[in-house]
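What follows is a single structure, written as structure tokens, with notes after it.
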Amino acid sequence: MIEDIRRELLREYEEKRLLSDLGARSRQKALYERIPELKALEASYKEMELEILRAVFSSPAHAKSAAREQEKLHQRLEQERGELLERHDIFDDPTAPRYQCPHCQDRAMLEDGSYCHCFKKQLAEQIYQLSGTTERAARDLKSYRLDVFTDADQRANISRIYAVMREEAREFSPRSGKNYLFSGPVSQGKTYLMESFAGELIGEGVIVFSITAPGMVDFLRRYRFQGRPEPEDEQTYQLLMESDLLLLDDLGKENVTDFVVTEFFNLINHRYLTKKSLFISTNLNITELFRTYDEASMSRILASAYVPKFFGPPLKRGEA
């Protein structure tokens, strides 16, 4: 489940922070051995701070003035400590914890209680790996190549679509209900642009799941008829229904039966009602899609969808 992955990642953050703190303590011990007077200096200031706190306990009315005294004390300590380190040719504090993320200091959470961008990005990357498309996660819109389109009209068309997708990535909201339908001939770069768009969103912490239409059909048959689903299948089903963006590639290549039409509607309707975005890539045109799937499904997909036109000569193998 998504929550299981989230909890495991939070546990990894706790371990990461613990290691950072342990490393800082180890470096502090080595520094005290090198500069014994530093330990004495810090101990003297700690004693002065305790005196201030004792005064507050005996007379709480002095709390505000005590806080100002504490601040001044800390400033003097930092100044004297810095001067002492510089006399030993140390200009960067080696005892400071070395966190991988300076924003959350490896806590995963920011001061306002929200998840840090680094945590959301790692969570999105781990979830996307469940799609079995790990090599595609590195793709993003910045690395998308327009020079593979040699036909001038085709390249101009793809450039316009690409510009729209860059703007869509900047404005994407996980609960906007915005869909994307890339419909057109084979080898037009549809899937690559879809995956590049997804990679851009994953970098921003958006939960993306990817599956081919034939793979989805095979999964749903197993999920519905195997009896008690395995935990991995429950996880996949949740991602089909609840991911911020579902990539559904090669729609139309699956064997369409009444079961498939019903399950497809259930998926589309759930995501429509919960305002979860869907990205479909297909070689079928709109008329063929309406003929293959019922109007209820297609009307929900197209209710809020970007549907560009793709045309031109097919790209060479390895380019699309």
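The values are calculated or read from the model by the stated rules, or taken from the named source; none is laboratory data. None of these values were measured; they are calculated from a predicted model. We place every Cβ from the backbone using ideal geometry, glycine too, and count neighbours over all the protein chains shown.
Which of the residues that make up the stretch 2-47 are in contact with a Lys or Arg (Cβ under 8 Å, 6 or more places away or on another chain), charged (D, E, K, R) and within 30 Å of Ile207 (Cα to Cα)? It would help to see each step written out before you state the result.
Here is the first cut: in the stretch 2-47, the residues in contact with a Lys or Arg (Cβ under 8 Å, 6 or more places away or on another chain) are 13, 17, 20, 23-24, 32, 38, 41-42, 45.
Next, from what is left, pick out any that are charged (D, E, K, R): 17, 42.
Within the stretch 2-47, just Arg17 meets the criteria.
All of (1) surrounded by fewer than 12 Cβ atoms within 10 Å (Cβ to Cβ); (2) under 30 Å from Cys118 (Cα atoms) hold for Pro97 with one exception: (1). Ser183 falls short of the stated requirement of being within 17 Å of Ile280 (Cα to Cα), hydroxyl-bearing (Ser, Thr, Tyr) and within 23 Å of the chain's Cα centre (by Cα). Residues of the stretch 272-291 that are of a type in the set (Val, Ile, Thr) and within 14 Å of Leu245 (Cα to Cα): Thr274, Ile280.
When Glu69, Glu47 are screened for being surrounded by 13 or more Cβ atoms within 10 Å (Cβ to Cβ), outside the structural domain of Lys121 (by TED's automatic domain parsing) and over 39 Å from the mean Cα position of the chain (by Cα), only Glu69 passes.
Which of the residues belonging to the stretch 212-231 are surrounded by 15 or more Cβ atoms within 10 Å (Cβ to Cβ) and either touching a Cys at 6+ places or on another chain (Cβ under 6 Å) or assigned to a helix (DSSP H, G or I) (or both)? Ala213, Pro214, Gly215, Met216, Val217, Phe219, Leu220, Tyr223 - these are the residues of the stretch 212-231 that are surrounded by 15 or more Cβ atoms within 10 Å (Cβ to Cβ) and either touching a Cys at 6+ places or on another chain (Cβ under 6 Å) or assigned to a helix (DSSP H, G or I) (or both).
Residue under question is Lys142, and the condition is that it be at pLDDT below 95 and farther than 27 Å from Lys253 by Cα; does it hold? Here the answer is yes, as Lys142 does meet what is asked.
Only residues that are in a strand (DSSP E or B) and more than 23 Å from Leu284 (Cβ to Cβ) were counted in the stretch 232-249, giving 0. Being in the same structural domain as Arg139 (by TED's automatic domain parsing) and within 24 Å of Arg145 (Cα to Cα) holds for only one residue in Leu289, Leu315, Leu278, and it is Leu278.
The C-beta contact set for the stretch 244-266 (first residue of a type in the set (S, T, N, Q), second residue not in a strand (DSSP E or B), distance under 8 angstrom, 6+ apart or interchain) comprises Asn255/Pro214; Asn255/Val217. A Cβ distance below 9 Å, combined with a sequence gap of six or more or placement on separate chains, defines the contacts here; from the stretch 197-224, residues that are without any contact (Cβ under 8 Å) to a residue 12 or more places away in the chain reach residues that are in a strand (DSSP E or B) and of a type in the set (D, E, K, R) in the pairs Gly215/Asp249; Gly215/Asp250. Of the listed requirements (1) within 23 Å of Glu8 (Cβ to Cβ); (2) out of contact with any Leu (no Cβ under 7 Å at 6 or more places or on another chain), Leu130 misses just one: (2).
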